[in-house]
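So the structure is just underneath, and the comments pick up after that.
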Amino acid sequence: MTKILDISSQELDMELIRQAADIINNKGTVAIPTETVYGLGADGLDEEAVKKIYIAKGRPSDNPLILHISNMNMLEKLVEEIPEKAKLLAKTFWPGPLTMIFKKSSIIPEVITAGLETVAIRMPSNNIARCLIEEANTPIAAPSANISGKPSPTKAKHVIEDLDGRIDAIITSDDSTIGLESTVIDLTEPIPTILRPGAITFEAIKEVIGQVQIDQAILHQTKLIKAKSPGMKYKHYAPKAPMKIIKGDRVKVVKTINELTQEYQKQGKKVGVLATEETKKEYKADKVITMGQRFKPDTIMAKLFGSLRAFDEEDIQIILSEGFSNQGKELAISNRLNKAAGFDIIEV
């Protein structure tokens, strides 16, 4: 039986927080809200506990996990050193949706890092998550709280749909405010490298630390032998139906999506279109879902994964989605859509 712990972010119920912390301290698994997406947490220093995360999610064991901390003192014990650029980034963006990769210390079990000599660490801003880490007094390993490969959960109901009966407890609370997983930056390379885009943009990071680069796996489908960050190696975020991304001039994108819709409908397929507010009335699909306003990427980030899950509820057989640029926050949106579609992209 999975225990449901309903905790308001406005008024923390410390008795329920303590119950969740007890589960963590006794090698259990707890789904926790964060500002990015809901995470599936376990004691990040206990190998047996961490293995339960992989089992519950059906997650490949060569896909590393992120450790979540609540203060800088905790960080010092987990890494060999804290580079000056990491200190600058932490001062600017922590707590918040930025994960940094460091050389790991000897106390971190190999199961966390998938055999790598590096470890990914983040300090969440969600007060329930941070309070739980403090109460458990241990870093919490927490990938997204979903079945591996499915769209990440931004609502408690998504977690219940995927993991009820598979984990020890689920903290139900508010929806995730950001909606996409954290930006991941590798600080062990000569040039700091973004391995996964998120709400903290390339441009914002460059402003703080100067030279920074974007890993090519974000922009193109590449074969990786070892992934240093979650979200790099496998197909992720995918709804049940196959998906295509159509990118280019707005008028051409709408025309192409409507032509493809007609073709698929002639084949007897139920077609879904993932649109923006500006274009949603221009489509003739069986189901049109809007993911937000194109010129307000925060609205799209917050709704994207929920929109992808909504197509599953409609039994859609093919999804056609508008594409996005590789600039600013649109890079994170584009990355998630490309991964969800397995990089099936049509340029028009």
Scanning segment 275-316 for residues that are among the polar types (S, T, N, Q) and farther than 18 Å from His236 by Cα, which turns out nearest to the chain's Cα centre (by Cα)? Thr299
Quick check on this structure: which one of Ile121, Ile133, Ile140 is without any contact (Cβ under 8 Å) to a residue 60 or more places away in the chain, buried (at least 23 other Cβ atoms within 10 Å of the Cβ), of a type outside the set (D, E, K, R) and assigned by TED's automatic domain parsing to the domain that holds His68? Ile121
If the Cβ limit is 8 Å and pairs must be 6+ apart or interchain, which residue in segment 323-348 that is free of Cβ contacts under 8 Å to residues at least 40 places away in the same chain and over 12 Å from Leu304 (Cβ atoms) pairs with which residue that is of a type in the set (Ser, Thr, Tyr) and in a helix (DSSP H, G or I)? Ser325/Ser334
Only one of (1) free of Cβ contacts under 8 Å to residues at least 40 places away in the same chain; (2) under 26 Å from Glu181 (Cα atoms); (3) not basic (Lys, Arg) fails for Val254. Which number is that? (2)
Looking at Leu274, Leu308, which one is assigned to a helix (DSSP H, G or I), touching a residue at least 24 places away in the same chain (Cβ under 8 Å), surrounded by 18 or more Cβ atoms within 10 Å (Cβ to Cβ) and not assigned by TED's automatic domain parsing to the domain that holds Thr183? Leu308
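Conditions tested, residue by residue: (1) assigned to a loop (DSSP other than H, G, I, E, B); (2) polar (S, T, N, Q); (3) over 19 Å from the mean Cα position of the chain (by Cα); (4) within 30 Å of Asp164 (Cα to Cα).
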residue	(1), (2), (3), (4)
Ile4	no, no, yes, yes
Asp22	no, no, yes, yes
Val37	yes, no, no, yes
Asn63	yes, yes, no, yes
Leu75	no, no, yes, no
Thr92	no, yes, yes, no
Ile101	no, no, no, no
Ile246 being under 19 Å from Glu314 (Cβ atoms), modelled with pLDDT of 95 or more and β-branched (Val, Ile, Thr): no
Among (1) within 15 Å of Asn137 (Cβ to Cβ); (2) loosely packed, with under 15 Cβ neighbours inside 10 Å, which single condition is Ile55 missing? (1)
Taking strands (runs of 3 or more DSSP E) that do not extend beyond segment 165-216, which have at least 3 residues that are of a type in the set (Asp, Glu)? none
Selection status of Thr113, closer than 27 Å to Ile191 by Cβ and surrounded by fewer than 19 Cβ atoms within 10 Å (Cβ to Cβ): yes
Looking at Gly96, is it in a loop (DSSP other than H, G, I, E, B), over 20 Å from the mean Cα position of the chain (by Cα) and under 27 Å from Ile178 (Cβ atoms)? no
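The values are calculated or read from the model by the stated rules, or taken from the named source; none is laboratory data. Model, not experiment: these values are computed from the prediction. Every residue, glycine as well, gets a Cβ built from its backbone with ideal geometry; the counts of neighbours run over all protein chains shown.
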